[in-house]
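**Student:** The following block contains the structure, expressed as structure tokens.
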Amino acid sequence: MPRLLSATLLVIMLGAVPAAAQEPIDLPMVARIKQEGLQRSRAQELYFTLTDRIGARLTGSPSHVQAARWARDRFTEFGLADARLEPFAFAHGWSLEKISVEMTAPRYMPLIAYAEAWTPSLSRVVNGRVVYVGNKTAAEVETMAEQLRGAIVLTHMPQTEFLDNDRPQPGLSDQPIATGNPASPVMRPAVAASTLQRLGAAVTLKPSPYRDGTVGVLGSQATPPTSLPSIVVAAEQYNMLARMAASGQPSELRVALETRYYDDDTNSYNVLAEIPGRDPALRDEVVMIGAHPDSWHTGNGATDNADGAIAAMEAMRILAALNVQPRRTIRVALWSGEEQGLLGARAYIMKHFSSQAERDKLAVYLNDDPGSGKTLGFYMERNQAAKIIFDAWLEPLKDVGVTRNINEGIGSTDHVPFNEAGMPGFNVIKDFDAYDVRTRHTNADLSDRVSEDELKQSAIVLASLAWHAAQRNEKIPRAR
């Protein structure tokens, strides 16, 4: 073949090489990250401390403050720079001190029940027959003042609709990707709680939209301390109580509820730490990784979102242990208030990225939240230019279980405010098996749902991508 023709074909062939193949990959560093993350991991130790010892971490609660201080101290121990708590205005704190809901007649049976967050205490233990208003009109309830005074009130019809399916697993289903959390079945009380309070009710009970004794419980920090106490009961047990009451033979219950408000500190706290950049031209730019350790107050907040928080913490430990000197600064953020509306991430962006010049200094934000198990890839928020880069970064991680990045985005978590502000934020893809129908926001969100191998793998993926983003000549492209 003539030399000129050979050269021409070579140019054509090189031009056809995918851009992903041209992205520099630091294979020696990936190998070091894997070795540190697999052989000297502290992920499981950290995870069990956060979930088993500290437990549920409702925003504003003492347990969340304890977790934030513990994480800050671990970052200092790892050798990270500027480990700190950063406050933002929240509301009064709250904790559940004691709850007991028992059926005492026609037989004894303890019930699976949890108070809604920020609900007030009962002033005394309440004993008596339940009053069922789930099938009453508002006008009918108004005539029941004598029955309702001091009563335990069932406010809803029996629960017959349930959250029965997890959202489609990205890459494993032909169904459209869920862009946010699936909605729970609609549950409407027969009458407003304010009406029941005016008529003298002592406490309200309502069913959970989950099956098989799983109780999903939320709440609002705006709930007045003078409101009517509200308790969520396992659906099957609530249905039993409602059926008996509707038949004219209501059960008798004993209900005790003690909660506590904390008004001395109305802030909540993000946790920040970093590995400073060394390149004079790039060190003021920042690669951020993060997750939210705050949770609801029933289970241990294991899959939502201790596993993500530990992945971020362990990723930073790995990089610190390798004594790396990235070109850009690598910063970790553990956000508070995610469950109340991404409050911690929004407060941070308002404080640190209020101007375009400040926003231009963010190279990329990588978030670890919805789902559980291994990290499979990233939701790329329809940013094709970024996806080409991330695809290249995933290649040397295929042996630890990553699969692929997908073009779609996902909502309802802490990368969203970054995208809203015009900065590139991406969230990991994880497994949704039994996440939506069992663990998310429920009493079943317990530590055994996540394995040590899964924690190790997720940390390795975050550490590797953070390193490559910090070393790259250019920032990650913004979405167009």
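**Student:** Consider residue 368 carefully, then state whether it is at pLDDT 95 or above and either farther than 22 Å from residue 76 by Cβ or in contact with a Cys (Cβ under 8 Å, 6 or more places away or on another chain) (or both).
**Tutor:** Considered against the rule, which asks whether it is at pLDDT 95 or above and either farther than 22 Å from residue 76 by Cβ or in contact with a Cys (Cβ under 8 Å, 6 or more places away or on another chain) (or both), residue 368 comes out as no.
**Student:** Quick check on the range 321-338. Is at least one of its residues closer than 30 Å to residue 210 by Cα, in a helix (DSSP H, G or I) and not hydroxyl-bearing (Ser, Thr, Tyr)?
**Tutor:** First pass over the range 321-338, keeping only residues closer than 30 Å to residue 210 by Cα: 334-338.
If we keep only those that are in a helix (DSSP H, G or I) as well, we get 338.
Remaining after also requiring not hydroxyl-bearing (Ser, Thr, Tyr): 338.
Yes - at least one qualifying residue is present in the range 321-338.
**Student:** Got a number for residues in the range 337-384 being hydrophobic (A, V, I, L, M, F, W, C) and more than 30 Å from residue 172 (Cα to Cα)?
**Tutor:** 9
**Student:** Let me ask something additional. Go through 134, 60 for me and flag whichever is touching a residue at least 60 places away in the same chain (Cβ under 8 Å), surrounded by 15 or more Cβ atoms within 10 Å (Cβ to Cβ), small (Gly, Ala, Ser) and in the same structural domain as residue 224 (by TED's automatic domain parsing).
**Tutor:** That would be 134, the only listed residue that is touching a residue at least 60 places away in the same chain (Cβ under 8 Å), surrounded by 15 or more Cβ atoms within 10 Å (Cβ to Cβ), small (Gly, Ala, Ser) and in the same structural domain as residue 224 (by TED's automatic domain parsing).
**Student:** Kindly provide the set of residues from the range 163-190 that are touching a residue at least 40 places away in the same chain (Cβ under 8 Å) and over 26 Å from residue 407 (Cα atoms), ordered by number.
**Tutor:** 163, 164, 189, 190
**Student:** Being touching a residue at least 40 places away in the same chain (Cβ under 8 Å) and surrounded by 22 or more Cβ atoms within 10 Å (Cβ to Cβ) narrows it down to one residue among 413, 403; which is it?
**Tutor:** So the residue among 413, 403 that is touching a residue at least 40 places away in the same chain (Cβ under 8 Å) and surrounded by 22 or more Cβ atoms within 10 Å (Cβ to Cβ) is 413.
**Student:** Now for a separate question. Keeping to the range 228-272, report how many residues are buried (at least 21 other Cβ atoms within 10 Å of the Cβ), within 23 Å of the chain's Cα centre (by Cα) and not hydrophobic (A, V, I, L, M, F, W, C).
**Tutor:** 3
**Student:** Among the listed residues 207, 250, 224, identify the single one that is touching a Lys or Arg at 6+ places or on another chain (Cβ under 7 Å) and on the phi < 0 side of the Ramachandran plot.
**Tutor:** None of the others qualify; the one that does is 250.
**Student:** Let me ask another. Do we find that residue 115 is surrounded by 22 or more Cβ atoms within 10 Å (Cβ to Cβ), among the aliphatic types (A, V, I, L, M) and outside the structural domain of residue 337 (by TED's automatic domain parsing) in this structure? Break it down stepwise before answering.
**Tutor:** Working: surrounded by 22 or more Cβ atoms within 10 Å (Cβ to Cβ): yes; among the aliphatic types (A, V, I, L, M): yes; outside the structural domain of residue 337 (by TED's automatic domain parsing): yes.
In short, yes.
**Student:** Under 6 Å between Cβ atoms, which residue pairs at least 6 apart in sequence (or on different chains) link something in the range 231-245 that is touching a residue at least 24 places away in the same chain (Cβ under 8 Å) and under 15 Å from residue 100 (Cα atoms) with a partner that is charged (D, E, K, R) and crowded, with 18+ Cβ neighbours inside 10 Å?
**Tutor:** 232/206
**Student:** Would you be able to tell me the number of residues in the range 367-405 that are assigned to a strand (DSSP E or B), closer than 18 Å to residue 476 by Cα and either touching an Asp or Glu at 6+ places or on another chain (Cβ under 8 Å) or not assigned by TED's automatic domain parsing to the domain that holds residue 291 (or both)? Working first, answer last.
**Tutor:** Filtering the range 367-405 for residues assigned to a strand (DSSP E or B) gives 367, 372-379.
Applying the additional criterion that residues be closer than 18 Å to residue 476 by Cα yields 367, 377-379.
With the extra rule that they be either touching an Asp or Glu at 6+ places or on another chain (Cβ under 8 Å) or not assigned by TED's automatic domain parsing to the domain that holds residue 291 (or both), the set shrinks to 367, 379.
Total satisfying the criteria: 2.
**Student:** Okay, next question. Please count how many residues of the range 29-45 are assigned to a helix (DSSP H, G or I), in contact with a helix residue (DSSP H, G or I) (Cβ under 9 Å, 6 or more places away or on another chain) and under 15 Å from residue 453 (Cβ atoms).
**Tutor:** Residues flagged as assigned to a helix (DSSP H, G or I), in contact with a helix residue (DSSP H, G or I) (Cβ under 9 Å, 6 or more places away or on another chain) and under 15 Å from residue 453 (Cβ atoms) within the range 29-45 amount to 5.
**Student:** Only one of 347, 321 is in contact (Cβ under 8 Å) with a residue 12 or more places away in the chain and within 30 Å of residue 39 (Cα to Cα); which? Working first, answer last.
**Tutor:** Details: 347 fails: within 30 Å of residue 39 (Cα to Cα).
Among 347, 321, only 321 is in contact (Cβ under 8 Å) with a residue 12 or more places away in the chain and within 30 Å of residue 39 (Cα to Cα).
**Student:** Checking residue 336 against (1) surrounded by fewer than 24 Cβ atoms within 10 Å (Cβ to Cβ); (2) among the hydroxyl-bearing types (Ser, Thr, Tyr); (3) touching a strand residue (DSSP E or B) at 6+ places or on another chain (Cβ under 8 Å), only one condition comes out false. Which one?
**Tutor:** It is condition (1) that residue 336 fails.
**Student:** Do we have residue 420 as more than 29 Å from residue 38 (Cβ to Cβ), among the acidic types (Asp, Glu) and over 16 Å from the mean Cα position of the chain (by Cα) here?
**Tutor:** yes
**Student:** Something else now. Against the definition (out of contact with any Leu (no Cβ under 8 Å at 6 or more places or on another chain), closer than 22 Å to residue 224 by Cβ and at pLDDT 95 or above), how does residue 123 come out, yes or no? Give the derivation first.
**Tutor:** Working: out of contact with any Leu (no Cβ under 8 Å at 6 or more places or on another chain): yes; closer than 22 Å to residue 224 by Cβ: yes; at pLDDT 95 or above: yes.
So residue 123 passes the test.
**Student:** Would you confirm whether any residue within the range 437-451 is at positive phi and in contact (Cβ under 8 Å) with a residue 60 or more places away in the chain?
**Tutor:** yes
**Student:** Considering only the range 406-421, how many residues are outside any loop (DSSP other than H, G, I, E, B) and over 18 Å from residue 183 (Cβ atoms)?
**Tutor:** Going through the range 406-421 one residue at a time, the tally reaches 5.
**Student:** Ok, one more. Given the residues 95, 100, which is the only one that is outside any loop (DSSP other than H, G, I, E, B), touching a Phe, Trp or Tyr at 6+ places or on another chain (Cβ under 8 Å) and hydroxyl-bearing (Ser, Thr, Tyr)?
**Tutor:** Working: 100 fails: touching a Phe, Trp or Tyr at 6+ places or on another chain (Cβ under 8 Å).
Going through 95, 100 in turn, the sole match is 95.
The values are calculated or read from the model by the stated rules, or taken from the named source; none is laboratory data. Fair warning: this is a prediction, and the values are worked out from it, not measured in the lab. Quick reminder, even Gly has a Cβ in these numbers, built from the backbone with ideal geometry, and neighbours come from all protein chains shown.
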